[in-house]
Amino acid sequence: EQARAPLTTPQTRDIEPFLAEPLVLEEDELRLAPRIVAAGENRVIMGRGDRVYARGSADAPLLDDQAKAKQFRVFRNAKPLLDPETNEVLGYEAELLGKALLARGEGSTEIAAAGKINMALVPATIDIVSAKSEILVGDRLAPEPEREFLNFVPRAPSSPIYGRIVSIYGNSSVVNASQNQVVVLNRGRREGLESGMVLAILTDGRQLNDATDPSRALIKLPNERNGLMMVFRTFEKLSYGLILDITDAVRVGDRLAPPQ
């Protein structure tokens, strides 16, 4: 059976904001992510144009030893995204707060106190260049990723890929998604997913007891095709997809299958 709808290219405007915004980190990236430790002028809330100070980890200090200026994203509340089938942590999705630039790397200095000379850590100097939400001490930094270019050619995967919808992007409390919304799926580069690949969305058939059967046998209704989704950004263990055409609301836990 052929795909029920042509694989039309979605509008660039529907995808472009999400190419820059989703912030997904692996466990090691989250563990090593630098943190803001203080703000200039004793500020409590920081925003665009403010200067803050941050520390990296012992394994990954914040250094300005490269010719290229180091750009960062500021984030908070990295939540684990779990595979609904295996409970594996696929990655950590964080709330993007703004963007920052490393002005000066961290180091150390000698200070005199009570007649003794001690070594003190000097945090890195960071300038906030944009902010979509207030930034606080304790918020974290992640390197700005390479810019992804829009070059989507919608196509079916060359080999069958099956998966599940893990979450609706942007609000962890939302369980339903509609057309042109972004969802997270539990398949990524390790399973062969690439940007542009299209998958069918299947609504999971209900389980119920057969009221017409004296034994009340347990039955499960077939999974029904509900629409199409196009993958537009991949990570190692998960991906983001844009819902293209749907008949009914898409839910967390809905299944994904080849579009034929």
Scope the stretch 69-86; condition open to solvent by 40 Å² or more (accessible area, probe 1.4 Å), modelled with pLDDT of 90 or more and hydrophobic (A, V, I, L, M, F, W, C); matching residues: 82
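Just one of 163, 196 is in contact with a Phe, Trp or Tyr (Cβ under 6 Å, 6 or more places away or on another chain), of a type outside the set (A, V, I, L, M, F, W, C) and either open to solvent by less than 60 Å² (accessible area, probe 1.4 Å) or over 22 Å from residue 96 (Cβ atoms) (or both); which is it?
So the residue among 163, 196 that is in contact with a Phe, Trp or Tyr (Cβ under 6 Å, 6 or more places away or on another chain), of a type outside the set (A, V, I, L, M, F, W, C) and either open to solvent by less than 60 Å² (accessible area, probe 1.4 Å) or over 22 Å from residue 96 (Cβ atoms) (or both) is 196.
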Restricting the first residue to the stretch 237-253 and requiring it to be charged (D, E, K, R) and open to solvent by 50 Å² or more (accessible area, probe 1.4 Å), which pairs with a second residue that is at pLDDT below 85 and outside any loop (DSSP other than H, G, I, E, B) meet a Cβ separation below 6 Å and a spacing of at least six or different chains? 251/176
Taking the stretch 21-55, which residues are in a loop (DSSP other than H, G, I, E, B), modelled with pLDDT under 90 and open to solvent by less than 30 Å² (accessible area, probe 1.4 Å)? 22
Any residue in the stretch 104-130 that's without any contact (Cβ under 8 Å) to a residue 60 or more places away in the chain and farther than 10 Å from residue 55 by Cα: show its pairings with residues that are surrounded by 14 or more Cβ atoms within 10 Å (Cβ to Cβ) and of a type outside the set (A, V, I, L, M) at Cβ separation under 8 Å, as long as the two are six or more apart or on different chains. 104/64; 104/125
If you take the residues of the stretch 218-236 that are free of Cβ contacts under 8 Å to residues at least 24 places away in the same chain and charged (D, E, K, R), which of them is nearest to residue 193 (Cα to Cα)? 224
Inspect all residues belonging to the stretch 87-109 and state whether any of them is surrounded by 12 or more Cβ atoms within 10 Å (Cβ to Cβ), of a type in the set (S, T, N, Q) and closer than 19 Å to residue 60 by Cβ. no
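Are there strands (runs of 3 or more DSSP E) fully within the stretch 108-227 with at least 2 residues that are hydrophobic (A, V, I, L, M, F, W, C)? List them.
Qualifying strands (runs of 3 or more DSSP E): 116-122, 124-131, 140-143, 163-168, 182-185, 198-203, 218-220.
The values are calculated or read from the model by the stated rules, or taken from the named source; none is laboratory data. Here the structure is a predicted model, which means the values were calculated and not measured. Every residue, glycine as well, gets a Cβ built from its backbone with ideal geometry; the counts of neighbours run over all protein chains shown. Ligands, DNA and RNA are stripped out before the accessible areas are found, and what is left, the full protein with its side chains, is counted by its heavy atoms. Shrake-Rupley method; radii C 1.70, N 1.55, O 1.52, S 1.80 Å.
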